[in-house]
Amino acid sequence: MKTWASILSALALATALGGCSGYRPAPEAFHAALNQPYRLGAGDRVRVTVFEQESLTNTYNVDSAGYVAFPLVGSVPARGRTVQQLEGDIAARLREGYLRDPDVSVEVDQYRPIFVMGEVGAAGQYSYVPGLTVQKAVAMAGGFTPRANQNSVDITRDINGKVMTGRVVTSDPLMPGDTIYVRERLF
C-alpha cells in the first residue's frame, strides 16, 4: 500500500510540475529590444532614396534570405541591420564605380507582419504599425473568444537572430514579426 501511495504522490507531483513547465516569463531581452534601433528582417519593405538619381529611388523588399536587390550593385545584406547601416552599405557600393558621392536615405516603408493565434475571433497575419500593443493586435484579430485567458499571452520574437518565447501582459508593446499566442484559460 505504501508503494502505491508513493507512486501516486510522485505522479501527482510530476503532473503539477509538468503543468507549470509551459510558463515562461518574458526574458529581459524582450523589453531591452524595444529600446534598441529597429533591425530589418525578411518581409520588411524599405524606401531607398538616392538624391539626384531618380532611377535608383524606389521601394525594395527584404527577401526571405535577408537581402535587398538593389540596381547596379546587386544584393545588399539587410537582415539584422538598422536603416542607417543599410544606407551606408548602399552608398559604399555605389561609390565603387557608379557614383562619385552618393547621398542615400533609407526608411521603413512597411514593417513585416505580426501573427495572432489561439483563442481569438480571427487568427491570422496582420499588418504591424508603430505603437501596436498586444491588446490592439487581439482587437484586430476579432477580440478574445469566451475561453481566452485575457490577462497574459505568449509572444515569440526574434531578437538578434535568436528566437525567444515569453509570457507578457496584454498592455505590452509588440515588434514587427512577433507571433502572439492567446492561451485558453483554465477555469
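Values quoted throughout were computed directly from the atomic coordinates according to the rules given, and no laboratory measurement underlies them. These figures come from a predicted structure and were not determined experimentally. When we count neighbours, we look across all protein chains shown, and the Cβ atoms used for this are built from the backbone with ideal geometry, even at glycine.
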With Cα coordinates, the longest principal axis of the chain makes an angle with the long axis of helix 2-20, in degrees rounded to 10, of 30 degrees
Taking the Cα centre as origin and putting +1 on Lys and Arg beta-carbons and -1 on Asp and Glu beta-carbons, what dipole magnitude results for the chain, to the nearest 20 debye? 880 debye
For helix 83-95, report the angle its Cα long axis makes with the longest principal axis of the Cα atoms of the chain; keep it between 0 and 90° and round to the nearest 10°. 30 degrees
Around Thr82: net Lys/Arg minus Asp/Glu count, Cβ-Cβ under 12 Å: -1
With +1 assigned to the C-beta of every Lys and Arg and -1 to the C-beta of every Asp and Glu, and no other charges, what is the dipole magnitude of the stretch 111-187 about the Cα centre in debye, to the nearest 20? 40 debye
Pick the calculated Cα Rg over 2.2 N^0.38 Å for this structure from [x] 1.41; [y] 1.02; [z] 1.18? [x]
Most exposed first, judged by fewest Cβ atoms within 10 angstrom, Arg147, Arg47, Arg100 run Arg100, Arg147, Arg47
If one builds a Gaussian network model of the chain from Cα atoms under 10 Å apart, the most fluctuating residue listed among Phe144, Phe115, Phe51 is Phe51
So if a site counts as exposed when it's one of the GluC sites (Glu not before Pro), its DSSP state isn't H, G, I, E or B, and it has at most 15 other Cβ atoms within 10 Å, what's the longest stretch of the chain without one? 97-187
What is the local net charge at Asp158, summed over the other residues whose Cβ is closer than 11 Å to its Cβ (Lys, Arg +1; Asp, Glu -1)? +4
Assuming 0.36 nm per residue, please report the length gained on full extension of the stretch Lys136 to Gln84 beyond their Cα-Cα distance. 15.8 nm
Please report Leu72, Leu94 as a ranked list, fewest other C-beta atoms within 10 angstrom at the top and most at the bottom. Leu72, Leu94
Can you give the relative contact order of the stretch 45-110 as a percent, counting alpha carbon pairs under 8 Å and 6+ residues apart? 37 percent
By Cβ neighbour count within 10 Å, fewest first, Ser152, Ser75, Ser64 rank Ser64, Ser75, Ser152
Once fully extended, how much extra length lies between Ile159 and Gln110, figured as 0.36 nm per residue of separation less the alpha-carbon to alpha-carbon distance? 15.7 nm
If each residue of separation counts as 0.36 nm, what is the full-extension length gain between Ala42 and Ser55 once their alpha-carbon separation is subtracted? 2.3 nm
Work out the length of the dipole vector of the stretch 45-110 about its Cα centre, built from +1 on the beta-carbon of each Lys and Arg and -1 on the beta-carbon of each Asp and Glu, and round it to the nearest 20 debye. 220 debye
